1. Restricted to region 109-126, and to residues that are surrounded by 14 or more Cβ atoms within 10 Å (Cβ to Cβ) and out of contact with any Pro (no Cβ under 9 Å at 6 or more places or on another chain), which residue is nearest to ILE40 (Cα to Cα)?
2. Could you tell me whether ASP4 is part of a helix (DSSP H, G or I) and closer than 18 Å to ILE106 by Cα?
3. Being open to solvent by less than 40 Å² (accessible area, probe 1.4 Å) and of a type in the set (S, T, N, Q) is the filter here; which residues of region 38-53 pass it?
4. In region 89-108, how many residues are open to solvent by 70 Å² or more (accessible area, probe 1.4 Å), in contact with a strand residue (DSSP E or B) (Cβ under 6 Å, 6 or more places away or on another chain) and more than 16 Å from ILE123 (Cβ to Cβ)?
5. So is VAL64 buried (at least 16 other Cβ atoms within 10 Å of the Cβ), closer than 13 Å to LYS48 by Cα and either in contact with an Asp or Glu (Cβ under 8 Å, 6 or more places away or on another chain) or not basic (Lys, Arg) (or both) or not?
6. Show the residue pairs that are 6+ apart or on different chains and have beta-carbon atoms under 6 Å apart, the first residue being within region 50-69 and free of Cβ contacts under 8 Å to residues at least 12 places away in the same chain, the second being among the β-branched types (Val, Ile, Thr) and open to solvent by less than 50 Å² (accessible area, probe 1.4 Å).
7. Could you figure out which of (1) modelled with pLDDT under 95; (2) among the β-branched types (Val, Ile, Thr); (3) open to solvent by 20 Å² or more (accessible area, probe 1.4 Å) isn't true of ILE56?
Amino acid sequence: MTLDQIIVTLTGFFLICMIIKFFWMKGKRALPLTPLINGIQKQLIIVKGGYTPDTIIVKRDVPVQLTFRREENSSCSEMVQLPDFGKSLKLPEGEDVSVEFTPTKIGEFEFACQMGMLRGKLIVDL
């Protein structure tokens, strides 16, 4: 094997390792709790090609207010559903729409558009 072949082989191996690390070995970041404002956990969620943030952590038995702001005109994002809490909201473009509820169970609960293409997660902790 020539020096050029060794360099190309090692470079290829290094790049493969970096791709594996980037896509499959991502470390989990600790997500912050939703801020408590006047006794209510409040979070603004931007709807634009997805939900930002798409994971929200709240405390059980403390009121939650999620405010959705839709910044796109895709028909998929016209509505958001929180089936575990019996909530569904129409999201007019450019307007803030809020939903309030008090989570009583610990766990992970999904929220999504009516087509199920845009997804987010609400984590209820102690």
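The values are calculated or read from the model by the stated rules, or taken from the named source; none is laboratory data. In this text, all values refer to a predicted model and were calculated from it rather than measured experimentally. Note: ideal-geometry Cβ built from the backbone for every residue, glycine included; neighbour counts use all protein chains shown. Please note that ligands, DNA and RNA were not included when accessible areas were found on the heavy atoms of the full protein model with its side chains. Shrake-Rupley method; radii C 1.70, N 1.55, O 1.52, S 1.80 Å.
1. If we take residues in region 109-126 being surrounded by 14 or more Cβ atoms within 10 Å (Cβ to Cβ) and out of contact with any Pro (no Cβ under 9 Å at 6 or more places or on another chain), then ILE123 is nearest to ILE40 (Cα to Cα).
2. no
3. GLN41
4. Qualifying residue count for the region: 4.
5. Answer is no for this residue.
6. Short answer, once both residue conditions are applied: THR52/ILE46.
7. (3)
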